[in-house]
Amino acid sequence: MNYLSTRGDATPRKFCDILLEGLAPDGGLYLPDHYPRIDAARLAELRRVHAGQGYAALAFEILSLYIDDIPAADLKTICDKTYTAEVFGTREIVPLKKLEDGLYLEALSNGPTLAFKDMAMQLLGHLFEYELARRGEQLNILGATSGDTGSAAEYAMRGKRGIRVFMLSPHGRMSPFQQAQMFSLQDPNIHNIAVEGVFDDCQDIVKAVSNDLAFKARYKIGTVNSINWARLLAQVVYYFAGYFQATQSDGERVSFAVPSGNFGNVCAGHVARMMGLPIDRLVVATNENDVLDEFFRTGVYRVRGAADTHETSSPSMDISKASNFERFVFDLLGRDGAATRAMFHDALGTDGRFDLGSDARFADAAGRYGFISGKSTHADRLATIREVDQRHGVVIDTHTADGVKVARQHLRPGVPMIVLETALPIKFAATIEEALGRAPDRPARFEGIEALPRRVRVLPADAAGVKALVARECE
Ligand SMILES: *Cc1c(COP(=O)(O)O)cnc(C)c1O
């Protein structure tokens with residue numbers, strides 16, 4: 001399997017060539033040069049593997065289709081180490097919960113940081129450690145977080161050889177639970193940096209440091225952001241696992257509803273569907289930041305400025321542009337790299353928008369690719385959390401509530417709808433209290449984390465101080 005760029009660079013690259021990379025050199029995103037087809041016999045075989053040997057074995061089968069430059073035995077070991085009941089809380093790893101006939105929740109949030117990002121990030125930690133050891137290299141991961149991504153990255157990379165993490169977060173602005181989750185880590189390779197500023201300041205510092213190419217090369221600076229192909233690939237596996245749990249036989253179809261921000265999660269669903277998994281519809285659920293809903297309704301993709309990006313009660317979906325979206329548009333445009341560049345580089349660069357509404361291929365987004373969308377607001381979120389609690393006795397988080405709300409608008413008789421549960425309610429306790437008048441349950445292992453000793457340094461919002469700290473730690 002070779003990888004190519006969505007903007008046309010077709011230099012053949014293997015999985016491990018792109019594993020530690022961000023964007024392709026031409027500014028595009030990496031995709032496999034084809035999607036391996038799963039025919040009926042193979043699907044039946046994967047169902048047997050999943051039923052008999054479990055999630056890690058299924059992950060190994062799927063990853064093997066895309067990774068041919070890691071020996072099979074090593075890849076198997078990596079999958080077995082990653083997807084354990086100990087790390088993910090249950091033997092099923094992603095258990096399916098029935099809410100009512102035809103409506104399910106797939107639990108993706110029982111990993112170390114209680115959000116679905118652990119599903120991919122935990123694998124990334126093992127893959128990075130393996131590949132860096134093989135090359136005899138080191139990596140310093142520099143990132144900015146407003147919550148979920150940073151903690152998932154830290155819990156995946158803690159204690160890993162050859163890796164340090166420098167994670168910037170806006171001082172005093174994350175929820176108390178999120179701060180405690182990150183700052184209580186005592187591992188020497190994890191560095192929490194609270195920046196005296198807002199999230200945008202943190203991102204600007206990461207950009208400034210990465211744009212200093214000499215510094216970046218000397219200190220082996222890398223990232224783990226959501227455009228990383230390995231993260232997306234890891235997420236493909238739970239679409240198969242969800243399908244197998246919701247169906248008895250491979251003739252059946254299911255739909256998935258996905259709380260979406262950067263389009264990473266639902267893009268993995270697109271990949272699974274392209275491979276031949278019998279997915280009827282992929283329902284993209286957004287919050288008030290409805291960049292994606294607008295596109296799937298109208299064909300207009302319009303990125304927002306900071307002033308038009310709302311702070312909502314499903315904050316992990318508060319995005320102004322969806323960084324993985326280019327991958328789907330590349331497929332929609334018949335994998336035409338020049339046309340994709342014209343949209344994402346030229347049109348977005350000059351107008352901040354493009355319009356495929358009158359392009360004949362736009363109809364394929366729904367027709368051929370199964371995409372449909374909807375949007376949910378703060379009031380919808382509260383009502384949905386209340387309703388699911390009252391009717392089903394299940395407390396869902398704010399992002400999952402956006403998924404349930406939009407899923408209900410797109411139910412079809414005879415087609416099970418699986419809503420991806422992307423976080424546990426304890427991470428967003430204030431909104432749960434607003435909805436239910438009581439605090440959500442806290443898993444036992446998080447009892448009292450706010451009182452643990454903290455390891456964090458507070459720095460002013462400028463790149464020089466961060467660079468100095470990185471340099472010092474690398475001496
Ligand atoms: C990151 C995140 C999302 C959005 O996922 P994308 O892959 O960016 O679309 C949704 N919900 C939660 C809880 C998240 O952490």
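The values are calculated or read from the model by the stated rules, or taken from the named source; none is laboratory data. Everything numeric here is computed off the predicted structure, so don't read it as measured data. Note: ideal-geometry Cβ built from the backbone for every residue, glycine included; neighbour counts use all protein chains shown. Surface areas here come from the heavy atoms of the whole protein model, side chains and all, with no ligands, DNA or RNA. Shrake-Rupley method; radii C 1.70, N 1.55, O 1.52, S 1.80 Å.
Label-to-label distance, residue 34 versus residue 450, with points set 7 angstrom from Cα along the beta-carbon direction: 5.6 nm.
In terms of the mean number of neighbouring beta-carbon atoms within 10 Å, the peptides 154-162, 439-447 order highest first as 154-162, 439-447. 3J(HN,Hα) along the stretch 130-140, derived from phi through the Karplus expression 6.51 cos²θ - 1.76 cosθ + 1.60 where θ = phi - 60°, amounts to 4, 6, 5, 5, 4, 8, x, 10, 10, 9, 10 Hz, with x in place of Gly and Pro.
By the helix-only formula, in which each DSSP H run with n ≥ 4 contributes -39500 (n - 2.57) and the sum is divided by residues, the chain has a 222 nm mean residue ellipticity of -12500 deg cm²/dmol.
Of all alpha-carbon pairs in the stretch 350-475, indicate the percentage at a distance above 27 angstrom. Counting pairs separated by more than 27 Å, the tail of P(r) holds 52 percent. Full extension of the chain between residue 304 and residue 218 yields a length gain of 27.5 nm, computed as 0.36 nm times the residue separation minus the alpha carbon distance.
Quick note on the stretch 178-234: its Rg to Rh ratio, both from C-alpha atoms and Rh being the Kirkwood radius, is 1.00.
Over the stretch 324-404, what percent of the accessible surface lies on carbon and sulfur atoms, probe 1.4 Å? Please report the intermediate quantities before stating the final value.
On the way: 1560 of 3110 Å².
Summing carbon and sulfur atoms, their accessible area is 50 percent of the total for the stretch 324-404.
Seen from residue 238, the other residues with C-beta closer than 12 Å to its C-beta sum to a net charge of -4, counting Lys and Arg as +1 and Asp and Glu as -1.
Placing pseudo-labels 7 Å out from each Cα toward the beta carbon at residue 387 and residue 187 gives an inter-label distance of 4.1 nm.
For residue 394, nonlocal amide neighbours, meaning residues 5 or more places apart or on other chains whose placed amide H falls under 5 Å from its own, are 389.
In angstrom, the C-alpha Rg and Dmax of the stretch 143-182 are 10.2, 31.
By its C-alpha gyration tensor, with a ≥ b ≥ c as the square roots of the eigenvalues, how is the stretch 247-373 shaped: rounded for a/c under 1.5, else prolate for a/b larger than b/c, else oblate? Taking the square roots of the gyration eigenvalues as a ≥ b ≥ c, the stretch 247-373 is oblate.
Shown for the stretch 81-144: the carbon plus sulfur share of the solvent-accessible area, taken with all protein chains present and a 1.4 angstrom probe, equals 46%. Projecting label points 7 angstrom from Cα along Cα→Cβ for residue 468 and residue 48 puts them 6.4 nm apart.
Straightening the chain between residue 436 and residue 134 buys 103.6 nm, computed as 0.36 nm per residue apart minus the Cα-Cα spacing. Across the stretch 354-360, computed HN-Hα scalar couplings (Karplus, 6.51 cos²θ - 1.76 cosθ + 1.60, θ = phi - 60°) run 9, 10, 9, x, 9, 7, 4 Hz from first to last residue, x flagging Gly and Pro.
Each residue of the stretch 232-240 was assigned a 3J(HN,Hα) from its phi angle through the Karplus curve 6.51 cos²θ - 1.76 cosθ + 1.60 (θ = phi - 60°); the sequence is 4, 4, 4, 6, 4, 4, 6, 5, 5 Hz, with glycine and proline shown as x.
So what is the diffusion coefficient of the stretch 177-283 in µm² per second by Stokes-Einstein at 25 °C and 0.890 mPa s, using a Kirkwood Rh over Cα pairs?
Working: Rh = 17.3 Å.
Once the numbers are plugged in, D ends up at 142 µm²/s.
Each Cα pair under 8 Å and six or more residues apart adds its sequence gap; the mean of these over the residue count of the stretch 397-475 is a relative contact order of 23 percent. Looking at the chain alone, DSSP beta bridges between its own residues are antiparallel in about 25 percent of cases.
Dividing the Cα radius of gyration of the stretch 62-170 by 2.2 N^0.38 Å, with N the residue count, gives 1.20. Can you work out the base-10 log of I(q)/I(0) for the chain at q = 0.09, 0.14 1/Å, using the Debye formula on its C-alpha atoms alone? Values, matching the q order: -0.57, -1.59.
Measuring spread by the Cα atoms of the stretch 50-124 yields a radius of gyration and Dmax of 13.4, 44 Å. For the stretch 10-60, list log₁₀ I(q)/I(0) at each q in 0.29, 0.30, 0.31 Å⁻¹, using the Debye formula over Cα point scatterers of equal strength and ignoring solvent, two decimals each. So the normalised log intensities work out to -1.07, -1.12, -1.16.
For the pair residue 368 and residue 69, the difference between a 0.36 nm per residue extended length and the Cα-Cα distance amounts to 104.4 nm.
Could you provide, to the nearest whole Å², the per residue accessible area of the stretch 105-245 with probe 1.4 Å?
Working: 4230 Å² over 141 residues.
Here the per-residue accessible area is 30 Å².
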